[in-house]
1. What percent does the relative contact order of segment B:255-400 come to when contacts are Cα pairs within less than 8 Å and at least six residues apart?
2. Treating cross-link reach as a plain straight distance, find the lysines whose alpha-carbon is under 16 Å from the alpha-carbon of A:Lys259, omitting any fewer than eight places away in the same chain.
3. How large is the direction-averaged shadow of the alpha-carbon convex hull of segment B:255-400, in nm²?
4. Anything over 25 Å Cα to Cα? Flag those among A:Lys194/A:Lys380; A:Lys7/A:Lys245; A:Lys112/B:Lys127; A:Lys191/A:Lys249; A:Lys220/A:Lys380; B:Lys263/B:Lys320, in the order listed.
5. Report, largest value first, the span of the C-alpha coordinates of the protein assembly as shown along each principal axis, in whole Å.
6. Averaged over its residues, how many other protein chain Cβ atoms are within 10 Å of peptide A:72-81's Cβ atoms?
7. At a Förster distance of 51 Å, what's the computed FRET efficiency of A:Glu328 paired with B:Leu3, Cβ-Cβ distance as r, to 0.05?
8. Excluding the sites themselves, what is the longest stretch of chain B that contains no GluC sites (Glu not before Pro) in a DSSP loop with at most 15 other C-beta atoms within 10 Å?
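What follows is calculated from the coordinates using simple rules that are stated; it is not laboratory data. Here the structure is a predicted model, which is why all the values come from computation and not from measurement. Counting neighbours? That spans all protein chains shown, and the Cβs are built from the backbone with ideal geometry, glycine included.
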2 protein chains.
Amino acid sequence: MALVIQKYGGTSVGSLDRIKAVAERVIETKKKGNDVVVVVSAMSGETDKLIGLANQISQNPDEREMDLLLSSGERISAALTAIAICELGFKSVSFTGRQVGIITNDSHTKAKIEKITGERVRNTLAKGIIPVIAGFQGVTESSDVTTLGRGGSDLTAVAVAAALGADFCEIYTDVDGVYTTDPNVVPNARKLSKISYDEMLELASLGAKVLQTRSVEFAKIYNVPVVVRSSFSNNPGTLVVKEDKEMEKVVVSGVAYDKNQAKITAIAVHDKPGIAAKLFNAVAGANIVVDMIVQNISSDGKATDISFTVPKTESKKALKITEETVAEIGAKGVVLREDIAKVSIIGVGMRTHSGVAAKMFETLAKHGINIIMISTSEIKISCVVDSKYTELAVRVLHDAFELGERKRKRTKK
Amino acid sequence: MALVIQKYGGTSVGSLDRIKAVAERVIETKKKGNDVVVVVSAMSGETDKLIGLANQISQNPDEREMDLLLSSGERISAALTAIAICELGFKSVSFTGRQVGIITNDSHTKAKIEKITGERVRNTLAKGIIPVIAGFQGVTESSDVTTLGRGGSDLTAVAVAAALGADFCEIYTDVDGVYTTDPNVVPNARKLSKISYDEMLELASLGAKVLQTRSVEFAKIYNVPVVVRSSFSNNPGTLVVKEDKEMEKVVVSGVAYDKNQAKITAIAVHDKPGIAAKLFNAVAGANIVVDMIVQNISSDGKATDISFTVPKTESKKALKITEETVAEIGAKGVVLREDIAKVSIIGVGMRTHSGVAAKMFETLAKHGINIIMISTSEIKISCVVDSKYTELAVRVLHDAFELGERKRKRTKK
């Protein structure tokens, strides 16, 4: 007998028929002798509808009020799911974030979980009753309702799993697992049966939006095995777990891409200490998240080019800040480029295998794709390329590292 | 400077434009130097929509789950109203029933308020911030969400007014006050400027559905002056207060009617002690609320007719129970009559004036309306008549007691 947390996303509870199907799946798991705790998102579209209502009243609604507003969606789906489980003859009760004892800080709309008491859930399980928890929400110490940010129900599920010491946490969504890359770009993309937390983090933050990033970080810290699977099928899904020996044999697990990137270059900036600090302090001060940064020391030691990428939506603001900052120092100019994309290969095996970067660059070159920027981490290599080559780059890299269905082999180089 | 509680019903917050209008009215009151506490219902139709969803899943959904589900509607309108007030440049925060400290018993879907701490509302007011409270809801001591039954937001408003010692409690709705009778039946029905709690209770429970009955009882106990008025106009509305000398001069304040009545008669029941107790215990055991009861001792002292009225929706069930019960005792039969209505005149002045009943019976007789049952209380006389005469009866009584607009005079007999 295992203790299983099952989280159902917005499309999985998107209609009354879907909610009934969820109830059946929960009971199936229960009948196999498991204890089940259910976590649900709002019915799909519900959160956006509520945001739309608030925005029609105010362009800048108070975040505390938004949290009280938005937390309603999950309460509705939790209550309906509990009713559906009861209707099938099993005992079930729904709980809000507060009732489960999810205490957060007071950063409204993006609160961080500080602790979970989980008392009532434990007592409920002990009585053989199935608890259904409204995801995405908690309360502050002073009892104000908070929400955990987009995808926050994933975090609720993982955090509850950690608090209860669950055997695993199943995340039900509308895709049946994590793929080697976007199947819309590469038709023979393969579903991964297993992936490490770190690889999942890189894939998720790079655009493979299956699991909320913070929930993966949380799962990693508390070592919660997470299964990503579809509520529309019985396919086994992808297991996200601690890195193991087996995983290291696979050099590259996936290829990710991100088209929401813009590049800003400050050309021939006078090269003296503190320039970069000054520039990026100014950008950070405007709450713009910088992704990649590349700086080359100039050959004469007097001037340098600094390039960095920001989300495309922030590019105009970042351009203005950069222009103002370099104007104080002196530079040849500032250039904004928006027609770029970031393509990345990810794999824990990189740590112990050499030649991976070279193979990536070779592959891109062979297909005439110029590399604009490069950045590397322990388990990821990212190249910025002209955005028109995005899909081509993803396909050729997916092929080169033999990630596709059928012809898969271990890459040994 | 006064402390005013303003409660806005479903139609008053029925759209975003209406919510903005509510925000303006709240601020107007605040600008006049008053402290304002706002209580809101769910946007009109919202509660029924949620009930509909639950009923599509289960014909008999768990009441605890229903309460979590239904409490969402008021949270949404409270948050939106607070956002709308902030948008107009005033400070406002929304509160749930729990945050206000509304503690109830655990009778889900029809919980009774046990206490209100009101701590946070007081602190919020002290800071010059306008609190907006989600009506209709509370929590049990063990922290489960409860709702207060249909019209429960009225009760929230009155209870908060009592807890805070408010100067008065304004109930904003889609009618501009309490009328002498239904204006749809009697076009020259007159809006009452003042009415006593007891009269309001009789009018409300008899079908003039402006204020929830329990909220009036609560207002009476804690002596909260209540103003019923329209959020669609600036008309002054009707003040519901403690009875005063002035009111006693008015013999009849209003005429009410109720068509949702059915009459059951057990004919020639053997007249021995305990018969009535046995019958009405059986009916009460089925949770059927009996309204009027009439029993005449038979002339020979051996048999008696017992008649009573029940809500029309319960008539078949009540009939069956009555048949079973009298079968054990022996009777000539049981008759159900559904084509009846109850017409009542109400007024605290009846206590000190005589001849009121006679005038009512005379008036009905003069228009050929036969009286089927009569029942009286201190401030009310009710007659059951054939339902086809309902409107006629209401009109002639309204005329006879000179309740209409313009030609109004004090009735002295």
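1. 30 percent
2. The qualifying lysines are A:Lys209, A:Lys312, A:Lys342, A:Lys388.
3. 9.3 nm²
4. A:Lys7/A:Lys245; A:Lys112/B:Lys127
5. 120, 63, 39
6. Rounded to a whole number, the mean comes out at 6.
7. Once the sixth-power term is evaluated, E becomes 0.35.
8. Longest run free of exposed loop sites: B:142-377.
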